[in-house]
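What follows is one structure encoded as structure tokens, with my remarks underneath.
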């Protein structure tokens, strides 16, 4: 691609050092991904429980319980997603804005799908306890929309890190009905997120089991078994999808995680080791019916794995954009009078979000 095909970098100086924005991008993206996984994974498992559970009574109760949590978790996902999206625009705006224009209409549909999914989840939360299967069908509709939103995000982000494809796609359809379907990593990358969401959705059921452990032991045991098995199976599938994703990368980028970059290789080994360790720990928790192992030790390992995968994702983006993106080009003018106040409000906001999540999203069934 010719250099002039990429917009020039924003001349306005960054109000904080580059590394601060990079760190905030990674932290906020980690929080967003966890919340997003809870929504998508929780919704998928709610439908599995409703339509596939052998114990129809327990399956229906689990569906109703999750249906009342998801309208709380979705706005948390949206709120936590705004920050990393803004940081992406600050650091990679010249790439992200362009890819968004190339696939203008599918990208605009993200808002339409999101609003429709949001209303659907609220409808389900009010109707889930009533007889009939309409609530489950609406839940399925909302999950399909959230699934499509994730797919469109994967299209945009993979397209943003491949500037050489912009001109061909734009001139082939200047109207903006473009996707990045010819990208070899698109499907493996998206499936990598989807299987992770199901695994984290299993942990959501484990947390609900913890909330009900002393109140309703039999139901809590059902939640632990169902959620624990979902976590194990999804994590096992994640290994296969991860290998497919790694193989789909261009060779020079793939080799970053296989020895060319010690840092990237260590992160990959942490992800693999953490995934294996979490499977064994969850299996042990199910065998012993230990809610402590399942709700404390396993989530800690999972957070470490997700964090390592988030950093790997960022390293991969920078490797894709290495010919075009140079952090040294940014002008910096740190606003020290505002920056500490921003950090205080940022930490307070995350803490408040965690309190609200525990109070309204992860409480036991009534």
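Using Cα springs under 10 Å in a Gaussian network model of the chain, which residue among 32, 60, 326 shows the largest mean-square fluctuation?
326
Can you give the convex hull volume per residue for the Cα atoms of region 295-339, as a whole number of Å³? Can you show the working numbers first?
Values: hull volume 4.8 nm³, N = 45.
Considering the Cα atoms of region 295-339, their hull volume per residue is 106 Å³.
What is the fewest-to-most order of 229, 50 by other Cβ atoms lying within 10 Å of their Cβ? All intermediate terms of the calculation are to be shown ahead of the outcome.
Numbers: 229 15, 50 22.
Final ranking by Cβ density, sparse to dense: 229, 50.
At 20 °C and a viscosity of 1.002 mPa s, what translational diffusion coefficient does Stokes-Einstein give for region 275-366, taking Rh as the Kirkwood radius over Cα pairs? Give it in µm²/s as a whole number.
Values: Rh = 17.6 Å.
Rounded, D is 122 µm²/s.
By per-residue mean of other Cβ atoms within 10 Å, what is the highest-first order of 317-323, 272-278?
Values: 317-323: 15.9, 272-278: 17.4.
Going by the mean number of other Cβ atoms within 10 Å, highest first, we get 272-278, 317-323.
Treating the angle as unsigned and between 0 and 90°, give the value, to the nearest 10°, between the Cα long axis of helix 134-160 and the longest Cα principal axis of the chain.
Approximately 20 degrees, to the nearest ten.
I want to check the label-to-label distance for residue 280 and residue 261. Put each point 7 Å from Cα in the C-beta direction and report it in nm to one decimal.
For the pair residue 280/residue 261, the computed spacing is 2.9 nm.
Treat region 188-230 as a sphere of radius equal to its Kirkwood radius over Cα pairs and apply Stokes-Einstein at 20 °C in a medium of 1.002 mPa s; give the translational diffusion coefficient in µm²/s, rounded to a whole number.
Values: Rh = 10.6 Å.
Reported coefficient: 201 µm²/s.
Expressed in nm to one decimal, what extension gain is obtained for the pair residue 172 and residue 359 from 0.36 nm per residue of sequence separation less their Cα-Cα distance? Intermediate values should be presented prior to the final figure.
Values: separation 187, 0.36 × 187 = 67.32 nm, distance 5.06 nm.
Gain on extension, residue 172 to residue 359, equals 62.3 nm.
Given 0.36 nm per residue, what is the gain on full extension from residue 244 to residue 54 after removing their alpha carbon distance, in nm? Write down the numbers at each step before the final one.
Working: separation 190, 0.36 × 190 = 68.40 nm, distance 3.30 nm.
Result: 65.1 nm gained on full extension.
Expressed in whole Å with the largest first, what are the equivalent ellipsoid semi-axes of region 57-107 derived from the C-alpha gyration tensor as the square root of 5 times each eigenvalue? Intermediate results must be reported in sequence, preceding the final value.
On the way: eigenvalues 261, 38, 9 Å².
Calculated on Cα positions only, the semi-axes equal 36, 14, 7 Å.
Taking the Cα atoms only, what angle lies between the long axis of helix 217-248 and the longest principal axis of the chain, rounded to 10 degrees?
Result, in degrees: 30.
Please give the helix 339-356 orientation as an angle from the longest Cα principal axis of the chain, in degrees from 0 to 90, rounded to the nearest 10.
Tilt of helix 339-356: around 20 degrees.
Provide, for q = 0.14, 0.17 Å⁻¹, the log10 of I(q)/I(0) from a solvent-free Debye sum over equal Cα point scatterers in region 150-307.
-0.78, -0.97
Can you pull a Stokes-Einstein diffusion coefficient for the chain at 25 °C (0.890 mPa s), Rh from Kirkwood over Cα pairs, as a whole number of µm²/s?
Details: Rh = 21.8 Å.
Stokes-Einstein gives a translational diffusion coefficient of 113 µm²/s.
Give the Kirkwood hydrodynamic radius (Å, one decimal) of region 1-119, defined as one over the mean of 1/r across all pairs of different Cα atoms. Intermediate results must be reported in sequence, preceding the final value.
Details: mean 1/r = 0.0584 Å⁻¹.
With all distinct Cα pairs of region 1-119 included, I get 17.1 Å.
In which sequence would 183, 289 go, from the one with the fewest C-beta neighbours within 10 Å to the one with the most?
Working: 183 18, 289 14.
Lowest count first: 289, 183.
Give me 266, 293 ranked fewest to most by other Cβ atoms within 10 Å of their Cβ, as a rough exposure proxy. Walk me through the numbers before you get to the answer.
Values: 266 12, 293 19.
Ordered from fewest to most neighbouring Cβ atoms within 10 Å, 266, 293 come out as 266, 293.
Could you tell me the center-to-center distance, by alpha carbons, between region 21-46 and region 84-143 in angstrom?
One Cα centre to the other: 14 Å.
We did not get these values from a lab; they are worked out from the coordinates using the rules stated. Just so it is clear, the structure is predicted and the values come from calculations on it, not from any experiment. Every residue, glycine among them, receives a Cβ derived from its backbone with ideal geometry; neighbour counts consider all protein chains shown.
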